[in-house]
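S.K.: My questions all concern the structure below.
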Amino acid sequence: MLRIWGWSLWAIVPVLAMVFHFGPGQSLMKRDTAVDRLTIAERAESVAEELQSAAHEAQLATLQARDKNERDDTDITRAELDRLLAFEQKAYAAASDAWKEAAERYHEVEMLLEGSKTANQVRWLRGRALVRAGEVFNGIDELQATLDEALSDPSSKDASGKSSKLVQATREELAAANYYGARLLREEGRSADVWRQVSDTSRQQFRYLAEGASEQSQAEAAQSLQRNLERVLDLEQQDRSELVGKPIPKDSPRARRPGDGEPKRGRPGVGPPRGDQPGNGASGMMEMGAGW
């Protein structure tokens, strides 16, 4: 599974309220409204996280029941499998709706902060929530826009040339999101020329980040990212039938929501990452662990 490690932009969120209150050019009413909406968005995100964890546990229980039914196919094991499948579907649907709610609440905050650096940080949170809601490619578009804007900011690198936390986190979210998207496209039965361009992006991003972490002697981060890279390679090399019975990552949606976009040929990010060098190994994601 993919997990948060080291740090994430959640370290930024608690200080956003201070930015709102002391940032130049904001009216008092607008700042106060932004703070209130951010609190609502954070609560929605917390609910979504809990529901996502419950859905993942339901998925693991379903897989265990499927394995048991394959070993001992009886009316009882089939009935239990059907029950767990139905429960899993409801659990993922609830998580998807909660993430969609969080994305909408973050969008409200983003609009109140339009034109500020803080707005781009909130866009990262919205893009991340959209991916988890099942609007994978809509979320990828938002994350790519976040990255493009962050890279255009002269402060995207420190004095040593290391990338900002926002750039680093966005690259990792893009790598993870494209992995989720490629797997879901495969499960949908989409052709290889569609899903492979998505997995290509994930593979390239993870390789880029792993090499950067290695160059900066971030051994643990480099190993973690390298293992993620290997999982992407596994996805590309496995037969579609081999995916059945393997759990999806904890933070991945179970399916794409209606209204999700489609992978765009020539989308920014397809091909080697551009415009900056990896940061100090900090990341919004962790290696894919148990269940893979």
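S.K.: All but one of (1) assigned by TED's automatic domain parsing to the domain that holds residue 61; (2) closer than 25 Å to residue 247 by Cα hold for residue 120, so report the exception by its number.
M.R.: (2)
S.K.: Can I ask one more? Just give me the residues in segment 40-59 being in contact with a helix residue (DSSP H, G or I) (Cβ under 6 Å, 6 or more places away or on another chain) and not acidic (Asp, Glu), in sequence order.
M.R.: Result: 40, 41, 44, 47, 48, 51, 52, 54, 55, 58, 59.
S.K.: In this structure, does residue 73 turn out to be exposed (fewer than 14 other Cβ atoms within 10 Å of the Cβ), over 21 Å from the mean Cα position of the chain (by Cα) and not in a loop (DSSP other than H, G, I, E, B)?
M.R.: Spelling it out, it is not the case that residue 73 is exposed (fewer than 14 other Cβ atoms within 10 Å of the Cβ), over 21 Å from the mean Cα position of the chain (by Cα) and not in a loop (DSSP other than H, G, I, E, B).
S.K.: With the requirement that a residue be farther than 30 Å from residue 126 by Cβ and not acidic (Asp, Glu), what does segment 77-103 give you?
M.R.: 77, 78, 79, 81, 83, 84, 85, 86
S.K.: Residues in segment 109-150 that are among the acidic types (Asp, Glu) and at pLDDT below 95: how many?
M.R.: Number of matching residues: 4.
S.K.: Here's a follow-up. From the list 200, 193, 141, which one is surrounded by fewer than 24 Cβ atoms within 10 Å (Cβ to Cβ) and either touching a strand residue (DSSP E or B) at 6+ places or on another chain (Cβ under 7 Å) or under 18 Å from residue 129 (Cα atoms) (or both)?
M.R.: 141
S.K.: Please enumerate the residues belonging to segment 188-205 that are without any contact (Cβ under 8 Å) to a residue 60 or more places away in the chain and of a type in the set (D, E, K, R).
M.R.: Listed by number, the residues that qualify are 190, 193, 196, 203.
S.K.: Among the residues of segment 234-280, what is the count of those that are at pLDDT below 55 and charged (D, E, K, R)?
M.R.: Of the residues in segment 234-280, 3 are at pLDDT below 55 and charged (D, E, K, R).
S.K.: Next up: Kindly establish whether residue 153 is at pLDDT below 95, surrounded by fewer than 24 Cβ atoms within 10 Å (Cβ to Cβ), touching a Leu at 6+ places or on another chain (Cβ under 9 Å) and acidic (Asp, Glu).
M.R.: In short, yes.
S.K.: Now, a different point. Would you confirm, using the coordinates I've provided, whether residue 227 is surrounded by fewer than 20 Cβ atoms within 10 Å (Cβ to Cβ) and part of a loop (DSSP other than H, G, I, E, B)?
M.R.: For residue 227, the condition - surrounded by fewer than 20 Cβ atoms within 10 Å (Cβ to Cβ) and part of a loop (DSSP other than H, G, I, E, B) - is not met.
S.K.: Identify the single condition in (1) under 22 Å from residue 261 (Cβ atoms); (2) over 12 Å from the mean Cα position of the chain (by Cα) that residue 171 does not satisfy, given that it satisfies every other one.
M.R.: The single condition residue 171 does not satisfy is (2).
S.K.: Of all residues in segment 42-76, which are under 30 Å from residue 122 (Cβ atoms), without any contact (Cβ under 8 Å) to a residue 60 or more places away in the chain and not small (Gly, Ala, Ser)?
M.R.: 42, 43, 47, 49, 50, 51, 57
S.K.: Across segment 105-125, which residue is farthest from residue 135 (Cα to Cα) among those that are surrounded by fewer than 16 Cβ atoms within 10 Å (Cβ to Cβ) and without any contact (Cβ under 8 Å) to a residue 24 or more places away in the chain?
M.R.: Looking at the filtered set, the residue picked out is 115.
S.K.: Return yes when residue 221 is touching a Ser or Thr at 6+ places or on another chain (Cβ under 7 Å), of a type outside the set (Ser, Thr, Tyr) and either assigned by TED's automatic domain parsing to the domain that holds residue 189 or free of Cβ contacts under 8 Å to residues at least 40 places away in the same chain (or both) and no when it is not.
M.R.: yes
The values are calculated or read from the model by the stated rules, or taken from the named source; none is laboratory data. As the structure is a computational prediction, the values presented were derived from the model and not from experiment. So basically every Cβ, Gly included, is an ideal-geometry build from the backbone, and we count neighbours across all protein chains shown.
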